[in-house]
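These notes concern the structure reproduced below.
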Amino acid sequence: MKHLLRFVLMTVALLMIVQFSYAWGTTGHRIVAEIAQRNLTRKAQKNLRKLIGKEPLAFWANWPDFIKSDTTDKWKSTGPWHYVDVPGHLSETDFIEVLKTISHKSLYSQIPAMEKQLADKSLSIEQRKVALIFLVHFMGDLEQPLHVGRQGDAGGNKITEYWFGKKTNLHSVWDSELIDFQKWSYTEYANVLNIDSKNQIKQIQSGSLEDWFYQSHQLADEVYDRTPENSRLSYRYDYIFVNKLNQQLLYGGLRLAKVLNEILG
């Protein structure tokens, strides 16, 4: 069973690479996973190896997106797990109230659900591994502001934009265009971002899950406000948002490390 699951996961991950509505794209999710792995405690690293062996977290970081291409429909129900849709410009109190009224499985419900499954040692290694992989991915989704976006435009997917003259959409700009524009591999990007002091890391990792969601909501509002439909985006847009892009990638990695250290450490 173990070898069969591994074969299925690797086959899907390597062969079914289709990009649509994916948070951060492949590079972004690998950056988050790499930063997280570099900030795990020794005990957490040891317990992580029991689940995924010598493979880096970055190897599995995009699997929850790749399985959207699974023609068996086994994973079809996981689509809504990657995001939440909320109205714009909410106060923190109103935002949290809206989060807690979402009745279907969403990013907000599935992060703690995967945490619980990962921590449950009564489950099989395979079940805990799948929970780990989803958790790694979802903590990246959380920091992509358009995964805490608005329902009417599918998180920016329906908002047409032009990136250096190429027709695209707002979601894709934040998924991949901005990151790819920096011209770093995911390991190089992790090197650049993973430089904060222990006190700075502690500050980034502080707060509740709701606090982290609200921060992404606030950035999403800024992105929507400063990116009208059919905008011609290029160097200036990168100048405006690159620091916040880098902030979100770092936050995703360090906060994922906190969650994994608490469960596996």
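Yes or no, residue by residue, for (1) part of a helix (DSSP H, G or I); (2) among the hydrophobic types (A, V, I, L, M, F, W, C); (3) touching a Gly at 6+ places or on another chain (Cβ under 6 Å):
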{"site": "HIS104", "(1), (2), (3)": "no, no, no"}
{"site": "GLN117", "(1), (2), (3)": "yes, no, no"}
{"site": "ARG128", "(1), (2), (3)": "yes, no, no"}
{"site": "LEU132", "(1), (2), (3)": "yes, yes, no"}
{"site": "PHE138", "(1), (2), (3)": "yes, yes, no"}
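Just one of the numbered conditions (1) within 18 Å of the chain's Cα centre (by Cα); (2) surrounded by fewer than 18 Cβ atoms within 10 Å (Cβ to Cβ); (3) polar (S, T, N, Q); (4) more than 18 Å from HIS147 (Cβ to Cβ) is not true of SER109: (4). Out of the residues in region 52-94 that are surrounded by fewer than 18 Cβ atoms within 10 Å (Cβ to Cβ) and aliphatic (A, V, I, L, M), which is farthest from LEU209 (Cα to Cα)? It comes out as ILE52. Kindly indicate whether any position in region 197-211 is under 21 Å from THR26 (Cβ atoms) and assigned to a helix (DSSP H, G or I). No, region 197-211 has no match at all. If you check TRP24, TRP60, which single one turns out to be of a type in the set (Phe, Trp, Tyr) and modelled with pLDDT of 95 or more? Of TRP24, TRP60, the one residue that is of a type in the set (Phe, Trp, Tyr) and modelled with pLDDT of 95 or more is TRP60. In this structure, is TYR214 closer than 22 Å to ASN39 by Cα and of a type in the set (Ser, Thr, Tyr)? Against the criterion (closer than 22 Å to ASN39 by Cα and of a type in the set (Ser, Thr, Tyr)), TYR214 does not qualify. Take the conditions (1) among the small types (Gly, Ala, Ser); (2) touching a strand residue (DSSP E or B) at 6+ places or on another chain (Cβ under 8 Å); (3) not in a helix (DSSP H, G or I); SER216 misses just one of them, which is (3). Within the option set TRP63, TRP24, TRP75, being under 20 Å from LEU250 (Cα atoms) and among the hydrophobic types (A, V, I, L, M, F, W, C) holds for one residue only, TRP24.
The values are calculated or read from the model by the stated rules, or taken from the named source; none is laboratory data. Note that the coordinates shown come from a computational prediction; the quantities given were computed from them, not determined experimentally. As a convention, Cβ positions derive from the backbone with ideal geometry for all residues, glycine included, and neighbour counts pool all protein chains shown.
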